[in-house]
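Asks: Right, I'll just put the structure down here and ask away after.
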Amino acid sequence: RAPGPRLLAASPEITATGNLGDGSVMHQHRDSFGLVADGADEVRAAVRRCLREGADTIKINIGGDLVPISKLSEERDDMLPAYSEAEVRAAVEEAHMRQKRVAAHCRGSADVRMALAVGVDVIYHLDFVHKDSALLDALAAARDHIFVGPAV
């Protein structure tokens, strides 16, 4: 081995149909940065495909993006998750079984709560957690084993 920095490869973002990263519509296929997988079995298979291709970190979009507004709660003060806990747990189990990390796109508080519950290693964005002191406390308690990259 030559001395020097090493790079870790991340997977495409595993995402649910209609979520951030799914650029297709029924009448026109479009490639996107997302790898669409619906249901725990498809998510597990998507993780396996990414690991087969050499990914060191699996990224999953638990929640979407800030638009369209249909992905916001009725009060428009939080985001709705795109994946169920079973789907996210399948991704984490599959990656961790092969000693790989999982990074999660989490804008809403439910996304972050789910990521913490299933053992995600890296949580990005966290736009709506500031109103939930219990969730902020849970993130603080997990700071020694979970990396948090908030959106600023």
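The values are calculated or read from the model by the stated rules, or taken from the named source; none is laboratory data. Bear in mind the structure is a predicted one, so any value in this text is a computation, not a measurement. Surface accessibility is based on the protein's heavy atoms, side chains included, excluding ligands, DNA and RNA. Shrake-Rupley method; radii C 1.70, N 1.55, O 1.52, S 1.80 Å.
Asks: Near the amide H of Phe128, under 5 Å away, which other amide H atoms are found, from residues 5 or more places off or on another chain, if H is placed in the peptide plane?
Replies: Amide H to amide H, under 5 Å and 5 or more residues apart or across chains, Phe128 pairs with Ser109.
Asks: Then there's this: By what distance, in whole Å, do the Cα atoms of the range 106-152 stretch along each of the three principal axes, largest value first?
Replies: 22, 19, 17
Asks: Which percent of the accessible area of the chain is formed by carbon and sulfur heavy atoms (probe 1.4 angstrom)?
Replies: Of the solvent-accessible surface of the chain, carbon and sulfur hold 55 percent.
Asks: Same structure, new question: Amide H neighbours of Ile62 under 5 Å, at least 5 residues apart or on other chains, H built in the peptide plane: list them.
Replies: The list, which skips near neighbours in sequence, is His105.
Asks: Below 8 Å, C-alpha to C-alpha, sequence gap of six or more: please give me the relative contact order for the chain in percent.
Replies: It comes to 19 percent, rounded to a whole number.
Asks: A follow-up question, please. Take the range 78-143, compute every pairwise Cα distance, and split them into 5 Å bins from 0; I just need the percent in each bin.
Replies: Using 5 Å bins, I get a P(r) of 3, 19, 31, 25, 15, 6, 1, 0 for the range 78-143.
Asks: Residues with amide H under 5 Å of Leu35's amide H, sequence separation 5 or more or different chain, H placed in the peptide plane at 1.01 Å from N; which?
Replies: Hits under the 5 Å cutoff: Glu13, Ile14, Thr15.
Asks: Quick one: compute a quarter of the convex hull surface over the Cα atoms of the range 1-110 and quote it in nm².
Replies: Numbers: hull surface 34.8 nm².
Hull-based average projected area comes out at 8.7 nm².
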